Amino acid sequence: MQSIIAKFIIYLLILVSSNLFSSEEDLPVIGDSSSSVISIASEYNLGRLYMAQLRRTLPEYIDPVSQDYSEHLVYRLSEFSELTDRRLEIALIDEKSVNAFAAPGGIIGINAGLIFHAETEGQFASVLSHELAHLSQRHFARRMQRQKDRSLANSLMILGSIALAGATSNPNALLVGQQAITQQNLSFSRGDEQEADRIGFKNMVSAGFDPKSTSYMFEKLQSLSRLSGSNELEFLRSHPLTKNRIADAQSRAQGFENKNYRNSLDYYLVRNRTIVHFSEIPRQAVTIFQKELTDSSDEREKLEARYGLALAYSRDNKHSQALNSMRQALEMDSENLMLQIGLLELHIEAENYFEAEALASSLLSTNPYNYPISMLYNRVLMNKGDYKLGEKILKDLTLKRPKDPQIWYWLAEVQGLDKNLIGLHLSRAEYFFLTGSYETSIKHLRMALDLTGNNFQLTEAIHNKIERSHKSIEALKSFS
């Protein structure tokens with residue numbers, strides 16, 4: 001075990017000395033209480049490395065609709081937070097267990113199971129607000145600052161414990177940090193957790209959510225704990241639910257006047273997507289939403305049930321019923337963009353490409369650069385063979401979302417179909433870099449380099465990307 005820790009200290013020394021953090025950014029200052037031990041710039045760069053290893057290690061929940069919703073909610077909550085650096089990245093994890101986590105550098109991880117289990121948008125927001133509070137209060141840096149031994153090696157070791165499990169496939173190393181991939185704030189102090197609860201609550205309420213959401217979420221977690229033990233409750237292993245936390249949450253919620261708190265329709269639509277996703281067989285989801293439709297007491301509940309039923313029918317290859325159910329939902333709220341996107345999804349699944357193309361073009365013209373619409377439109381264009389337009393749409397999207405590996409993946413696909421070999425290799429290289437496969441990224445960059453000819457500007461850009469990957473490889477090499 002000591003040898004593994006020593007290796008990781010070496011890794012982090014390489015991380016700093018290899019200039020992975022650019023010379024223009026402040027490096028950690030150890031032992032100076034005013035410096036918060038590690039600079040925000042250094043935290044941000046560590047977060048990028050961590051995110052790549054996270055994507056390499058854990059299954060992502062690849063759903064542009066849910067990704068887009070979650071990002072907008074996190075950004076909204078961040079506006080009411082004390083965050084000064086709002087360069088956030090949100091990773092959705094394809095796990096049914098309840099969990100969310102924050103990592104240095106603005107990384108927020110969300111298990112799809114949290115959406116599945118949180119019964120209201122406020123409950124979901126209460127967990128996200130708590131994680132944002134860990135970031136805004138810089139609990140990671142403060143945890144380092146509290147260490148009695150503030151030597152460089154000790155501080156870097158603490159820093160690296162977050163990324164350890166994701167940074168290596170070494171099974172011995174995984175013993176050190178098995179939970180670190182998704183539970184990196186496991187060792188936050190009780191005071192840190194209390195502060196995150198207090199500040200997260202304040203920010204959640206400021207964002208317009210029900211003050212009782214936190215206590216309701218705690219009750220939900222307690223119920224799940226009784227029913228399923230630890231199987232569904234990764235969140236509680238890193239955020240122990242003590243009696244004091246529950247009592248404090250209930251106490252804070254008192255004294256607020258009842259009013260119309262934020263509880264958007266879109267959350268329930270996204271939640272219904274997870275219900276379909278986690279259903280073992282499509283018919284199971286169909287039965288769930290048929291019952292919800294029968295039991296619905298108002299128009300909004302009917303709309304939510306019809307949306308879920310439409311997705312469930314589509315997954316069960318009952319495309320006519322799916323389209324009929326989605327159109328009924330749209331009749332109830334024709335302006336809802338998520339419902340319109342839902343209709344586009346169903347047309348694609350039913351292979352109604354003529355209708356899908358017309359709808360996608362119309363939606364994108366009124367919602368330029370929209371993430372889910374752009375990704376769905378590209379699917380239609382690829383089927384049609386209009387690779388030039390598909391490439392343009394995805395290239396435009398990379399300007400808005402340069403760190404999204406899924407965009408680079410599909411951009412490479414469409415470029416390959418269009419025989420754009422340089423573009424294919426460059427896009428694949430970016431995809432593999434963002435997902436932590438640095439050697440493969442370099443391989444594609446070298447293939448692109450062989451095709452550049454006398455384009456010196458492009459050649460220089462490719463060499464810079466190769467150097468970027470080499471620096472990351474050097475940082476991880478000590479674990480091989």
Putting +1 on Lys and Arg Cβ atoms and -1 on Asp and Glu Cβ atoms, find which of ALA358, SER374, TYR409 reaches farthest to the positive end of the dipole of the range 320-410. TYR409
Using 7 Å Cα-to-Cβ label points, what is the GLN457/THR287 separation (nm, one decimal)? 6.2 nm
Going by a ≥ b ≥ c, the root eigenvalues of the Cα gyration tensor, does the range 58-146 fall in the rounded group (a/c under 1.5), the prolate group (a/b larger than b/c) or the oblate group? prolate
What ranking do ARG226, ARG283, ARG428 get, fewest neighbouring Cβ atoms within 10 angstrom at the top? ARG226, ARG283, ARG428
Sort PHE218, PHE101 by Cβ crowding within 10 Å, fewest neighbours at the top. PHE218, PHE101
Want the number for GLU60 to HIS72: 0.36 nm per residue separation, take away the alpha-carbon distance, what's left? 2.5 nm
Once the dipole of the range 257-345 is set up from charges on Cβ (+1 Lys and Arg, -1 Asp and Glu), the residue from the list LEU303, LEU344, GLN328 lying farthest towards its positive end is LEU344
Suppose every Lys and Arg Cβ carries +1 and every Asp and Glu Cβ carries -1, with no other charges. What dipole size does the range 420-480 come out with about its Cα centre, to the nearest 20 debye? 100 debye
Order of HIS444, HIS470 under a 10 Å beta carbon neighbour criterion, fewest first: HIS470, HIS444
Would you mind checking the pairs LYS220/LYS259; LYS259/LYS403; LYS259/LYS302; LYS400/LYS471; LYS400/LYS465 and listing those with alpha carbons more than 28 angstrom apart? LYS259/LYS403
From the square roots a ≥ b ≥ c of the eigenvalues of the alpha-carbon gyration tensor of the range 420-480, which class results: rounded (a/c under 1.5), prolate (a/b over b/c), or oblate? prolate
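Each reported figure results from applying straightforward, stated rules to the coordinates on display, with no laboratory input. The model shown is predicted, which means the values in this text are computed figures rather than measured ones. Ideal geometry is used to build each Cβ from the backbone, glycine not excepted, and the neighbour counts take in all protein chains shown.
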